[in-house]
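The values are calculated or read from the model by the stated rules, or taken from the named source; none is laboratory data. Nothing here was measured: the structure is a model prediction, and the numbers come from that model. Here Cβ is always computed from backbone atoms with ideal geometry, including for glycine, and neighbour counts include all displayed protein chains. Keep in mind that these areas ignore ligands, DNA and RNA; they rest on the heavy atoms of the full protein, side chains included. Shrake-Rupley method; radii C 1.70, N 1.55, O 1.52, S 1.80 Å.
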Amino acid sequence: MAHVITDDCIACGTCIDECPVGAISEGDIYKIDPDICTDCGTCVDVCPSEAIVEA
Ligand code: SF4
Ligand code: SF4
């Protein structure tokens, strides 16, 4: 299991610096590497567009 970023992402960049394990990468829509994500949920709380959900 891992968190995923949906099409609601506006590429604001807020989440990338908040992830403690560096699982998030940039893009038109940001992406979470499921092999790295520890499901801590930190990114969910900082996303302004509620684009991050539990898979
Ligand atoms: S849930 Fe935690 S580990 Fe996974 S991408 Fe978000 S901040 Fe990183
Ligand atoms: S915080 Fe939300 S809107 Fe901003 S880059 Fe991350 S997923 Fe996209």
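What is the sum of charges around Cys9, taking Lys and Arg as +1, Asp and Glu as -1, for the other residues whose C-beta is under 12 Å from the C-beta of Cys9?
Numbers: positive: Lys31; negative: Asp7, Asp8, Glu26, Asp28, Glu50.
Once positives and negatives cancel, what remains is -4.
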Express the Stokes-Einstein translational diffusion coefficient of the chain in µm² s⁻¹, to the nearest whole number, given a Kirkwood radius over alpha-carbon pairs, 25 °C and a viscosity of 0.890 mPa s.
-> 229 µm²/s
How many Å² of accessible area per residue for the chain, probe 1.4 Å?
-> 64 Å²
